[in-house]
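Okay, so here's the structure we're looking at.
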């Protein structure tokens, strides 16, 4: 570790919508941490909300702050305890955002993404790129609980999408998708397109994808049945496609006021609805249908333990993340990369930065 340079380049958020390339000290790992050289980091749909102040005071808690939580790279140094667990320089890894305290009821039952000590860094909790400094930088420090080894067959670009894939897989698992099920996915963005693939990976018989435009058209590449809400009422279309019965499981990756209601409306009696994403407005769900038809409703917050399940699926080609990467930029060109991502220029889906 002593041979490392002392400074690095990083995109530093100093206020609402104020993010600039700066030279900052390279962080040093604690006993349970690893220091990694970031090879690729993806812009996540949550990042614009953080940069533009939608969750100010929570994500981030304060400024200055380094965002970024979808990344892959190489370990360059390991803390004393992490080294005893076998982490070493040269390990190829993908990062995820959550590190639970490890001791509360949620953590000990495996639901560390719901850690009861959220936000308490003094008790060991971290959420990288949200309120703990993240990976829009040349180097990043993570708890060894928040990195996962990736094989040589997975590129660093693909590794940067392990976290996104894991959230999509967690969403499908929360919905208890069974072999042969008919599944509806709302929102053909990167998360929705990955959810389509994850549904098929666990055995879904049919997947209907609801959306519009180029992103919806891309769903055909993953064998989704396309429902364009601009052409016709999506609820009517899904019900007709299922003989009036509705789908077994719906996963809403858009989480708008309209799609959250529609997700309930297209789901059969006794079916399951999963909401992936943070709705930014209050939503009035059709509670009579939910109650009288005994529907199960699940929320999704990041993922718990599904990175290690997603990595083999990416490695063996069951899930194709490479086809979602549409643009790549050096870290120094972050303003252009951010514009391309947020304005969906040239069909942008996943935009990768190379520090």
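Please treat every number below as a calculation from the coordinates, not as lab data. Remember, it's a predicted structure, so these values are computed and weren't measured experimentally. Note that we place each Cβ from the backbone using ideal geometry, even for glycine, and neighbour counts take in every protein chain shown.
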Gap in Å between the Cα centre of the range 52-110 and the Cα centre of the range 1-47?
-> 12
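Can you put 297, 51 in order, fewest other beta carbons within 10 Å first?
Neighbour counts put them in this order, fewest first: 297, 51.
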Between the helical axis of 190-201 and the dominant principal axis of the chain, each derived from Cα atoms, what acute angle in degrees is found, rounded to the nearest 10?
-> 70
Length gained when the stretch residue 89-residue 287 is fully extended (0.36 nm per residue, less Cα-Cα span) = 65.9 nm
Protection proxy (average C-beta count within 10 Å per residue), highest first, orders 9-21, 302-314 as 302-314, 9-21
Among DSSP beta bridges lying fully in the range 1-140, give the percent that are antiparallel, nearest 5.
-> 95
Quick one: if the Förster radius is 25 Å, what FRET efficiency do residue 236 and residue 297 give, using the C-beta to C-beta distance and rounding to 0.05?
-> 0.65
Where does the chain land at 222 nm, in deg cm²/dmol rounded to the nearest 500, when only DSSP H runs of n ≥ 4 count, each adding -39500 (n - 2.57), divided by all residues?
-> -6500 deg cm²/dmol
For a quick protection proxy, order the peptides 157-169, 61-73, 334-346, 208-220 by their average other-Cβ count within 10 Å, most packed first.
-> 157-169, 61-73, 208-220, 334-346
Relative contact order, percent, of the range 191-256 when contacts are C-alpha pairs under 8 Å separated by at least 6 residues?
-> 27
Roughly what angle does helix 162-174 make with the longest principal axis of the chain, taking Cα atoms, 0 to 90 degrees, to the nearest 10?
-> 40
Using Cα pairs closer than 8 Å and at least 6 residues apart in sequence, work out the relative contact order for the chain, in percent.
-> 16
Gyration tensor (alpha-carbon) shape descriptor, the range 168-300, a/c threshold 1.5 | rounded
